[in-house]
1. Just to be sure I understand the model, the point goes 7 Å from the Cα along the line to the Cβ. What's the resulting Leu182 to Ile148 distance in nm?
2. Give the value in nm², to one decimal: projected area of the alpha carbon convex hull of region 1-92, averaged over all directions.
3. Accessible area per residue of the chain at 1.4 Å probe, in Å²?
4. Based on DSSP, what percent of beta bridges with both residues in the chain are antiparallel, to the nearest 5?
5. Met121: accessible area at probe 1.4 Å, nearest 10 Å²?
6. Could I have the simple spin-label model distance between Glu316 and Ser258, label points 7 Å from Cα toward Cβ, reported in nm to one decimal?
7. Which of the GluC sites (Glu not before Pro) across region 29-91 are loop residues per DSSP, with 16 or fewer other Cβ within 10 Å?
8. Which of the trypsin sites (Lys or Arg not before Pro) found in region 40-90 are in a DSSP loop and have at most 13 neighbouring Cβ atoms, other than their own, within 10 Å?
Amino acid sequence: MNERLEKIITSSEEFNMLAKEFENGNLAKTIMLISKDSEYSFSFARLLSSMILDGGLKDGELQKSENYYKMAASSHPDIKIYPLKEKLLVADSSEIVSESSIRPIFAERKVFIIKKIEQSMETAQNKLLKTLEEPQNNVYFILTSSNINLVLPTIKSRCNKIELSKLKKDEIIQCLGQSENLELVTALSEGFLGRAEKLNNMQNIQSLFENVLAVVTKLKTSKQLLSFSKNLLDNAGEAQFIFQSLSLLFEDLLFLKSGKDIRFELYRQELESVENEYSIKAIAMIEKEIDRAVKELSFNCNFTLVLENLLLNILEVKYICR
């Protein structure tokens, strides 16, 4: 595990709160970590499991014990990680129920980590209910979820729900280290490390982002639609990135109008040059159009059609609300 990330997690308010609860004997046996950053919540769950197996922190620090090193190597026999494939199946839940009744092998306690519980089959979640409600004395369950609204209410009611904070800009930078497009990646990540790492690996991130920026700052008439859409359609595989960038840019325009700090400070001059072209009402309507485009794409609609309609709608809204 990234040492910088480990330091950030173990220094976080949420981790230390849970460590304190453990020290006082009040730690819930079933915990749900909630974050849109599934990679971050999984790393948090692994470090929390190490703390539990070691009986707490030592002088406020995570103990670098055999439990820790086995956890770090993903080889600890008392830390069970599910699902075994993409999502939790009934067979996984049956195995969890059975395994939870078996004594720990190496440590005094046993921890089950269940990732992305919201993606589990409903039958698989239901099979866990009794086990989560009445876990063995030496057994802990750590569930992660990026969308708690998709988790069964009966599962949620059995968990101590912990919302994990987004990472700060300097924390993202610490984890990524040196990067050619570090400032842009950090701004686009919205505080999610998993997203930042993916963005950091994009080869054409700056040129693609600037093509999206051009839609906001340079698209003035319908005659320009074809050339602007072509620049983006050449990157159809990055549709999610295109819509996310558009949404964040219009949000920055709103921040400019209200005097708040903007995330794309690197492009402040370009955004300020068109600030007066978009009213607050126009920005709100455009954000809805972007949301609609994202939903249409999730329904497997044609990307070309969705994008061209969105650009046309942006122009229309801008004209109507001028």
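The values are calculated or read from the model by the stated rules, or taken from the named source; none is laboratory data. As the structure is a prediction and not an experimental result, all values here were calculated from the model. Don't worry about glycine lacking a Cβ; one is built from the backbone with ideal geometry, like all the others, and counts go over all protein chains shown. When the accessible area is computed, the model is the full protein with side chains, heavy atoms only, and any ligands, DNA or RNA have been set aside. Shrake-Rupley method; radii C 1.70, N 1.55, O 1.52, S 1.80 Å.
1. 3.4
2. On the way: hull surface 26.4 nm².
Reported value for the Cα convex hull: 6.6 nm².
3. Averaged over the residues of the chain, the accessible area is 52 Å².
4. Numbers: 1 of 19 bridges.
Close to 5 percent.
5. Taking all protein chains as shown, Met121 has close to 80 Å².
6. Each label point lies 7 Å from its Cα, and together they span 2.8 nm.
7. Glu86
8. Those satisfying the criteria are Lys64, Lys85.
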